[in-house]
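Structure first, then comments.
The values are calculated or read from the model by the stated rules, or taken from the named source; none is laboratory data. These numbers were taken from a predicted model, which means no experiment stands behind them. Here the Cβ positions follow ideal geometry from the backbone for every residue, glycine too, while neighbour counts run over all protein chains shown. Heads up: the accessible areas ignore ligands, DNA and RNA and are worked out on the full protein's heavy atoms, side chains in. Shrake-Rupley method; radii C 1.70, N 1.55, O 1.52, S 1.80 Å.
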Amino acid sequence: MAKSKKYARVGRECVACGSCLKVCPKGAVRVVSGVTARVDRELCVGCGKCARICPADVITLVEREAEK
């Protein structure tokens, strides 16, 4: 699976439920200190599976160029 022009970003309201970890095909998501999820931009392919499964609706896909 090739990287898209987007990657997933987790909002501050994350409840660290772990749903996104279970669906990420590249293992790009991890829970930090049991408090919030973080996405490794280098591993993320921008598939959006994590955003679709998030029960808190706090994961969005953003343009990679927007971060430069």
field: Selection within segment 43-64 - acidic (Asp, Glu) and farther than 11 Å from Ser4 by Cα
entry: Asp57
- prompt: Pick from Val62, Val58: which is among the β-branched types (Val, Ile, Thr), open to solvent by less than 70 Å² (accessible area, probe 1.4 Å) and in contact with a Phe, Trp or Tyr (Cβ under 7 Å, 6 or more places away or on another chain)?
  reply: Val62
field: Close pairs (9 angstrom Cβ cut-off, 6 or more residues apart or separate chains): touching a residue at least 60 places away in the same chain (Cβ under 8 Å) in segment 22-33, open to solvent by 50 Å² or more (accessible area, probe 1.4 Å) and aromatic (Phe, Trp, Tyr) anywhere
entry: none
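Per-residue answers, yes or no, for (1) touching a strand residue (DSSP E or B) at 6+ places or on another chain (Cβ under 9 Å); (2) hydroxyl-bearing (Ser, Thr, Tyr); (3) open to solvent by 90 Å² or more (accessible area, probe 1.4 Å):
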site	(1), (2), (3)
Val15	yes, no, yes
Val23	yes, no, no
Arg30	yes, no, yes
Thr36	yes, yes, no
Gly46	yes, no, no
Cys50	yes, no, no
Ile53	yes, no, no
query: What are the residues in segment 1-13 that are open to solvent by less than 60 Å² (accessible area, probe 1.4 Å) and at pLDDT below 95, if any?
result: Ser4
query: Quick one: which of Ala56, Ala28, Ala51, Ala8 is over 11 Å from the mean Cα position of the chain (by Cα) and among the aliphatic types (A, V, I, L, M)?
result: Ala56
query: Under 8 Å by Cβ, and 6 or more places apart or on different chains, what pairs join a residue from segment 39-68 that is more than 15 Å from Ala28 (Cα to Cα) and of a type in the set (Asp, Glu) with one that is open to solvent by 30 Å² or more (accessible area, probe 1.4 Å) and outside any helix (DSSP H, G or I)?
result: Glu63/Lys5; Glu63/Lys6; Glu65/Lys5; Glu67/Arg41
